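Worksheet for the structure shown next.
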Amino acid sequence: MKRNIILFFVIITGFVLQTTLFQTLSFGGISPNILIIITASYGFMFGKQYGMVVGFLCGLLMDVFYGDVLGFYALIYLYIGAANGIFNSLFYQEDIKLPLLLITASDLCYSLVCYILLYLLRGRFNFVFYLRNIIAPEIVYTIFVTVFLYPCILLLNRTKADAGYDSQRER
């Protein structure tokens, strides 16, 4: 129950940060995708099903406030959460390399799917321009924010069992 309450506040805070603070801190119209960070983090921390639920909720928020079609972003984020949940068995709390790699891959997949479904099908074929001016800067900015945001998400989701494990390791 406590984890669900924390999750609710993390999603709402991430959405508010993504749509307000980081919109004002955008570079050339590019801002980090905080909801991808949250979806990917919860996916590989807690598994496939939890990642799907978090992804669906994050995507639903994007659909309700910014989407043209209800369910478009929800489905994309759901798949991203499920894909990251596959790596739950490789999750190690002190290692930040795997989360950075997975969040990078998740943001790249998200951007590519959005390009294909929102631009390519409308006849806009300038992929190199989109890759150089939108996808790559967003990935770099998202990874930069991940370095600071991921430890906070990890700290919020430590359980008593994790703390007991850490204290046992220190002895």
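The values are calculated or read from the model by the stated rules, or taken from the named source; none is laboratory data. Just so it is clear, the model here is predicted, and its values are computed rather than measured. Don't worry about glycine lacking a Cβ; one is built from the backbone with ideal geometry, like all the others, and counts go over all protein chains shown. Heads up: the accessible areas ignore ligands, DNA and RNA and are worked out on the full protein's heavy atoms, side chains in. Shrake-Rupley method; radii C 1.70, N 1.55, O 1.52, S 1.80 Å.
Here are the numbers for this structure:
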item	result
Extreme residue, most open to solvent (accessible area, probe 1.4 Å), among residues of the stretch 45-87 that are over 21 Å from ILE153 (Cβ atoms) and outside any helix (DSSP H, G or I)	ASP68
Filter result for TYR110 (of a type outside the set (D, E, K, R), within 29 Å of ASN133 (Cβ to Cβ), touching a residue at least 24 places away in the same chain (Cβ under 8 Å) and open to solvent by 70 Å² or more (accessible area, probe 1.4 Å))	no
Failed item, numbered, when ILE12 is tested on (1) under 23 Å from ALA105 (Cα atoms); (2) modelled with pLDDT of 90 or more; (3) not aromatic (Phe, Trp, Tyr)	(1)
Enumeration of residues in the stretch 92-107 that are assigned to a helix (DSSP H, G or I) and open to solvent by 80 Å² or more (accessible area, probe 1.4 Å)	LYS97, LEU101
When residues of the stretch 24-44 are limited to those that are hydrophobic (A, V, I, L, M, F, W, C) and crowded, with 22+ Cβ neighbours inside 10 Å, the one modelled with the lowest pLDDT	PHE44
Top-ranked residue of the stretch 124-138 - restricted to ones that are β-branched (Val, Ile, Thr) and open to solvent by 30 Å² or more (accessible area, probe 1.4 Å), ranked as nearest to the chain's Cα centre (by Cα)	ILE134
Residues of the stretch 111-143 satisfying the condition of being of a type in the set (Phe, Trp, Tyr), modelled with pLDDT of 90 or more and either outside any helix (DSSP H, G or I) or under 22 Å from MET62 (Cα atoms) (or both)	TYR115, TYR130, TYR141
Flag for ALA82 being at pLDDT 90 or above, within 18 Å of GLY43 (Cα to Cα), aliphatic (A, V, I, L, M) and touching a Lys or Arg at 6+ places or on another chain (Cβ under 8 Å)	yes
Among residues of the stretch 139-156, those that are aromatic (Phe, Trp, Tyr) and crowded, with 17+ Cβ neighbours inside 10 Å, counted	2
